[in-house]
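Trainee: Right, I'll just put the structure down here and ask away after.
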Amino acid sequence: MTESQVMEGSPPIEQSGPGWRVAHSDCIRFLKSLPDESVDIITTDPAYSGMNQHLSFGEGRIVGRYHNNEANEHWFEEFHDTPENYSAFLGECHRVMRRDRHIYLMFDSFSLLTLGPLIREKFDVKCLIVWDKVNLGMGHHFRRRHEHIVFACKGKRPLSRRDIPDVWSIKRLSSAPYPTQKPVEVFSAMLAGSVEPGFTVCDPFAGSGSSAIAALRAGCSFVGCDISERAVSLTAERCSAFVERGVDIHQPRSAVDGQIKMRFLTEEAD
Ligand SMILES: C[S@@+](CC[C@H](N)C(=O)[O-])C[C@H]1O[C@@H](n2cnc3c(N)ncnc32)[C@H](O)[C@@H]1O
C-alpha cells in the first residue's frame, strides 16, 4: 500500500479481533472515519517532529533520521505537527469522544511548549503529569529522564480514585521490539482513574500497541491506528496473543517494581 493510500481515499485497512481493532492509516484520516462521540477515552503518544528538529549535533540529528521505509526497522514516520495539523488532530479527537470523558496526550519538552497551549482551545486542561523514567536517557544539556502527559477533559468527569500521584515512576524499556515503545504501565496509569470496564479506548498513534494492551487489561475495548505497517502488525499480533493466551509478547516483564507511590498500579497488576 502506498503512503497516499494510507493518507486519503478509501477507508483505512484494518486488522481486528475480539475487543480490538487497529488500522493502517494516518491519524487524522482514521479519526475522520470514526462516528461522532464513539470513543470514551484517548490515550496517545504522538511522533512529534519538534524535538527532532531542535536537538541536533553538528549535521546529524540526535535520534537519527526518521524514515517511512518499512525496510528500516529502527525509526518511523513523524506526525507533521504544525499548529494547523495539531489543531485539526485535536478537533477530531474532540469530535469522536463522548461527553464527560478524559484525554491523555504525551509530550516531549519541545512539543509541550509549542503545541501544548493548543489543547486549551478544545479541552479543559486539568493537569500536567510527569512520567519519571527512573533511568537516564540521552540529552544534549541535562540527560533526559522524564516526559510529560497532559490530562484534559471533554465536559466534566472527576477521576474515579484519589490516590494517584502526578509523578509516575515507571522504568523506561531497555529493549523492546519497537522504537520508542512505552511501558504498558504508563497507559495503565492513564486508565486507572478514567475508565470503567466496557469503555472504548482510542490511540491514533498506536505504535507497538502498548495502549491497546493496557485497554484490554482494564476490561475495555481498543480502536487505533498507525501510519506504519510494521506498527500495525506488532499491535495486531500483540493483541491476539493477549486475548488468546493472556500474555504480553512484546513486554513480558512489568516496568513497575512495587514502589509505595505507584501502589495504585501494582495492586491492579497483582
Ligand atoms: C512515539 S510512537 C508510539 C509508540 C507507542 N506508544 C508504543 O508504546 O509502542 C509514535 C507512532 O506514531 C506513528 N505515526 C507517525 N505519524 C503518524 C500519522 N500521521 N498518523 C498515525 N500514526 C503516525 C509512528 O509510526 C509511531 O508508531
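Trainee: Checking the condition within 12 Å of the ligand (Cβ to nearest atom) and either under 22 Å from residue 20 (Cα atoms) or not hydroxyl-bearing (Ser, Thr, Tyr) (or both), which residue from 200, 235 passes?
Mentor: Details: 200 fails: within 12 Å of the ligand (Cβ to nearest atom).
Of the residues listed, the single one that is within 12 Å of the ligand (Cβ to nearest atom) and either under 22 Å from residue 20 (Cα atoms) or not hydroxyl-bearing (Ser, Thr, Tyr) (or both) is 235.
Trainee: Here's a follow-up. Can you tell me which of 185, 237 is modelled with pLDDT of 95 or more, charged (D, E, K, R), farther than 22 Å from residue 92 by Cβ and touching a His at 6+ places or on another chain (Cβ under 9 Å)? Let's see the steps before the verdict.
Mentor: Details: 185 fails: touching a His at 6+ places or on another chain (Cβ under 9 Å).
Exactly one residue qualifies, and that residue is 237.
Trainee: Collect the residues in the range 158-182 that are more than 23 Å from residue 261 (Cα to Cα) and either of a type in the set (A, V, I, L, M) or more than 16 Å from the ligand (Cβ to nearest atom) (or both), keeping them in residue-number order.
Mentor: Hit for the range 158-182 is 176, nothing else.
Trainee: Let me ask another. How many residues does the range 2-24 contain that are within 14 Å of the ligand (Cβ to nearest atom) and either more than 25 Å from residue 221 (Cα to Cα) or modelled with pLDDT under 95 (or both)?
Mentor: 9
Trainee: So, one more: What is the one condition in (1) in contact with a Lys or Arg (Cβ under 6 Å, 6 or more places away or on another chain); (2) modelled with pLDDT of 95 or more; (3) surrounded by fewer than 20 Cβ atoms within 10 Å (Cβ to Cβ) that residue 154 does not satisfy?
Mentor: Of (1) in contact with a Lys or Arg (Cβ under 6 Å, 6 or more places away or on another chain); (2) modelled with pLDDT of 95 or more; (3) surrounded by fewer than 20 Cβ atoms within 10 Å (Cβ to Cβ), only one is false for residue 154: (3).
Trainee: In the range 217-243, what residues are touching a residue at least 60 places away in the same chain (Cβ under 8 Å) and among the charged types (D, E, K, R)?
Mentor: Result: 226, 229, 230.
Trainee: For the range 81-128, which residues satisfy the criterion of being of a type in the set (Val, Ile, Thr), touching a residue at least 60 places away in the same chain (Cβ under 8 Å) and either within 21 Å of residue 199 (Cα to Cα) or in contact with a strand residue (DSSP E or B) (Cβ under 6 Å, 6 or more places away or on another chain) (or both)? Can you show your working first?
Mentor: Of the range 81-128, the ones of a type in the set (Val, Ile, Thr) are 82, 96, 103, 114, 119, 125.
Okay, now just the ones that are also touching a residue at least 60 places away in the same chain (Cβ under 8 Å), so 96, 103, 114.
Matches in the range 81-128: 96, 103.
The values are calculated or read from the model by the stated rules, or taken from the named source; none is laboratory data. Since the structure is predicted, the reported quantities are computational estimates derived from the model, not experimental observations. Please note: Cβ atoms are built from the backbone with ideal geometry, for glycine as well, and neighbour counts cover all protein chains shown.
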